[in-house]
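Heads up, the thing below is written out as C-alpha cells.
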Amino acid sequence: MIILGIETSCDDTAAAVLVERHLRSSVVSSQDAVHGPYGGIVPELASRHHVANVLAVIDAALSRAEIAIGDVEGIAVTRGPGLIGSLLVGLSAAKGIAFSKRIPLVGVNHLEGHMLAVFLEREIAFPYVALLVSGGHTSIYLARAPGRYRRIGATRDDAAGEAFDKAAKMLGLGFPGGRVIDQLARGGDGGAVRFPRASIREHPYDFSFSGLKTALRERLRRDLGVSFDSTGAVRAGALSAAWIADLAASFQEAVVDMLVAPTVAAAAELGVSRIVVSGGVSANSRLRQRMQEATGARSLEVHFPSPRFCTDNAAMIAYAGARRLERGERDELTLNAVASLPL
Ligand code: KG4
Ligand code: ZN
C-alpha cells in the first residue's frame, strides 16, 4: 500500500510516504526558530505555522518519493495526544485529501508512532518493554503486539525532555535544549555535581523530574552565587564554559540514571528480553550508551530508532497507520482530534 503520513501534533510540520511499509520520503519542517525566542512552544504560533506550511510539506514528501497524490492509497494522520490547534491542522489537511481523492483515512495515536518508529529500520519481535521518552511524555509500556500496549509506569510531573529543556533554558542555552545539553555534556564531568535521583517506592516504574530543576536552580543560586535574568536564565557570563559543561553532564547523568534503572527493572520483572527506547530524548547519546551497558550486562536486547526517527516525524505515523490500514481499520471523516488521547 502507498501511505501518506501527516504529523502536526506539536511544533513540527511533517509528512512522509511509505510504500509497502518501506520509507520513500520523510520531510520535517521545524518551528524551533519560531518558538526559541519565547523559551517554549507558543500553541497559537504553532497552529499558524502549521497552516502556512502543511500543504508545502505534503507536496515535498510526495515529490521526493516520486509519488503522485492520485497514487496514494491511504492517509495516516496523528489525531492526538498533542496541542489541539496543531492537531486540527494536520487532521483537516488529511480529511480534505481523503475526501477529494476518495481514499481511506486512519487516525494514529502519536505515542503509537513513537512506539513503532524503530520498525522503519528493522523488524523486532514482540513482546518488548518500551521506554517512551519525549518532551511531552515519559512512560514505560509493555508492547505485546501491534496495537496492544499496557502502560507500566509514567512520570508524575515533568517529562524528561521537559526537564532537559528547562535546564537548558536556566543555563542560557536556548530552546529546545536537550540536544545542546547532550553536546555540551560530552566535554563535561558527569560526576561534578551530584543531583538527586527521585524514585517512588510503591511505584518503581513511575518517574519524577520536577525536583531536578529545583535542585539545579538551588545549586546555581546558593552554592555558585549565580543570579538570574527576567527570563529565568543565568546572567550572561555568570558561569564559565567549563562549569556549564559540568552542570550539563551532571544533570544529564541524573536524568539518564532515572530512566535506565526502572526500564531495565521492568523488563526483568515482566520476563521480557527486549527493550525499545523511543521519543525525542532517545536521541540522547549518553542514554543510548548507558542503556547499552545496562542491557548488555543482563543479556537483554535494546533497540533505538535512528535519531531522525526519535524526534517527531511523519514516517512513524505513516508506519503505525499502515499497519492499521492493512488490518482493515478505517476512520470516518467525522474523526476528531483529542488533545489528551491515551494509548
Ligand atoms: O518526540 P519529540 O520530538 O516531541 C515530543 O513529542 O515531545 O521530543 C522533543 C524533546 C525535547 O524536549 C528535546 O529537548 C528532546 O526531545 N531531545 C533531546 C535530544 N534531542 C531531542 N533530549 C536529550 N538529548 C537529545 N539529544
Ligand atoms: Zn513526539
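For (1) surrounded by fewer than 23 Cβ atoms within 10 Å (Cβ to Cβ); (2) of a type in the set (Phe, Trp, Tyr); (3) out of contact with any Asp or Glu (no Cβ under 8 Å at 6 or more places or on another chain), each residue gets a yes or a no:
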{"site": "SER100", "(1), (2), (3)": "yes, no, yes"}
{"site": "GLY107", "(1), (2), (3)": "no, no, no"}
{"site": "LEU111", "(1), (2), (3)": "no, no, yes"}
{"site": "PRO127", "(1), (2), (3)": "yes, no, yes"}
{"site": "VAL133", "(1), (2), (3)": "no, no, yes"}
{"site": "ALA168", "(1), (2), (3)": "no, no, yes"}
Checked against (1) open to solvent by less than 40 Å² (accessible area, probe 1.4 Å); (2) outside the structural domain of VAL19 (by TED's automatic domain parsing); (3) in contact with a strand residue (DSSP E or B) (Cβ under 9 Å, 6 or more places away or on another chain), GLN252 satisfies every condition except (3)
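Looking at ILE200, ILE181, which is the one that is away from ligand 2 (no atom under 16 Å from the Cβ) and either of a type in the set (Asp, Glu) or outside any helix (DSSP H, G or I) (or both)?
On the way: ILE181 fails: either of a type in the set (Asp, Glu) or outside any helix (DSSP H, G or I) (or both).
Among ILE200, ILE181, only ILE200 is away from ligand 2 (no atom under 16 Å from the Cβ) and either of a type in the set (Asp, Glu) or outside any helix (DSSP H, G or I) (or both).
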So ILE140 fits all but one of (1) outside any helix (DSSP H, G or I); (2) in contact with a Gly (Cβ under 8 Å, 6 or more places away or on another chain); (3) within 15 Å of ligand 2 (Cβ to nearest atom); (4) open to solvent by less than 10 Å² (accessible area, probe 1.4 Å); what number is the exception?
(3)
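So, of the residues in segment 306-319 that are within 12 Å of ligand 2 (Cβ to nearest atom) and touching a strand residue (DSSP E or B) at 6+ places or on another chain (Cβ under 6 Å), which turns out to be nearest to GLU162 (Cα to Cα)? Outline the logic, then answer.
Initial filter on segment 306-319 (within 12 Å of ligand 2 (Cβ to nearest atom)): 309-314, 316-317.
Subsequent filtering for residues that are touching a strand residue (DSSP E or B) at 6+ places or on another chain (Cβ under 6 Å) retains 312-314, 317.
Details: ASP312: 15, ASN313: 18, ALA314: 22, ILE317: 22 Å.
Among those residues, the one meeting the criterion is ASP312.
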Go through segment 58-80 and report how many residues are open to solvent by 10 Å² or more (accessible area, probe 1.4 Å) and under 20 Å from the mean Cα position of the chain (by Cα).
1
Can you tell me which residue within segment 321-339, out of those that are of a type in the set (A, V, I, L, M) and over 15 Å from THR8 (Cα atoms), is surrounded by the fewest Cβ atoms within 10 Å (Cβ to Cβ)?
LEU333
Kindly indicate the residue of segment 242-279 that is within 14 Å of ligand 1 (Cβ to nearest atom) and in contact with a Pro (Cβ under 8 Å, 6 or more places away or on another chain) and also farthest from ARG150 (Cα to Cα) among those meeting that condition.
ALA254
Is it the case, given these coordinates, that ASN336 is modelled with pLDDT of 95 or more and within 16 Å of ligand 1 (Cβ to nearest atom)?
no
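The values are calculated or read from the model by the stated rules, or taken from the named source; none is laboratory data. Values in this document were obtained by computation on a predicted structure and should not be read as measured data. Reconstructed Cβ throughout: ideal geometry from the backbone, glycine too, with neighbour counts over all protein chains shown. Surface accessibility is based on the protein's heavy atoms, side chains included, excluding ligands, DNA and RNA. Shrake-Rupley method; radii C 1.70, N 1.55, O 1.52, S 1.80 Å.
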